[in-house]
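Presented below is the structure to which this report refers.
Please treat every number below as a calculation from the coordinates, not as lab data. This is a predicted model, so every value here is computed, not measured. As a convention, Cβ positions derive from the backbone with ideal geometry for all residues, glycine included, and neighbour counts pool all protein chains shown.
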Amino acid sequence: MRCIRPGGAAAEESHMEKTTPCIAGGGLLAAIAAVLRLVGSAIRFGPFSVSLVLIPIVLGAALYGWGMGCWLGLVFGAVVLLSGDAGLFLAADPGGAIVTVLSKGIACGAAAGLCCRWLHPWYPRLSILLSALAAPLVNTGVFLLGCRLFFMPLIHQWAQQAAMPAPELI
């Protein structure tokens, strides 16, 4: 993992010098992510809850690298599963729900970290902005892919119950 110094350049430090701050920062960001996931679900715009948890995931990925982004995404996925927010999907296909929820969290953290890693040497500010955009896009994309792979019959059933036309298969 890498740590970014206040000047913005990636720091090359000894293993011991960067391990403690990375572990402490990662633990703090994981706790913030868990609390934001639990509290953020109460903030709603219509039927949609705001996912504030992506903020510490992007920060952790930018400060400590894509590995920390993956870890924070895994924490996000675990909190989603344990909070009961994925209850309908867990009832329909537990394996598919676990794979979908955990992989979407891990993938959004990895995308934020890799975007920052690849672009930071040339465009430091743009790399943070694109990381912040990549995280929710990848999170949503992997969720839709998981819905397509595991839950299409359930989505068709929901559409019929709501008297809506069935979604087209891709």
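How many nm is it between the label spots at residue 19 and residue 137, if each spot is 7 Å from the Cα in line with the beta carbon? The two pseudo-label positions are separated by 3.7 nm. The alpha carbon gyration tensor of segment 78-119 gives principal lengths a ≥ b ≥ c with a/c of 1.5 or higher and a/b greater than b/c, which makes the shape prolate.
Each peptide in 118-129, 29-40 receives the mean, over its residues, of other Cβ atoms within 10 Å, and ordering these scores from highest gives 29-40, 118-129. The radius of gyration of the Cα set in segment 29-170, together with its Dmax, comes out at 16.1, 52 angstrom. Annotation for residue 162 and residue 99: the two label points, set 7 Å from Cα along the Cα-Cβ direction, are 2.5 nm apart. I want to make sure I understand the PRE zone here: with the label point 7 angstrom from the Cα of residue 35 toward its beta carbon, which residues in segment 92-111 have backbone N atoms less than 14 Å away? Under 14 Å, as judged by backbone N against the label point of residue 35, lies no residue of segment 92-111. Think of each Lys and Arg Cβ as +1 and each Asp and Glu Cβ as -1; about the Cα centre, that makes the dipole of segment 37-170 roughly 320 debye.
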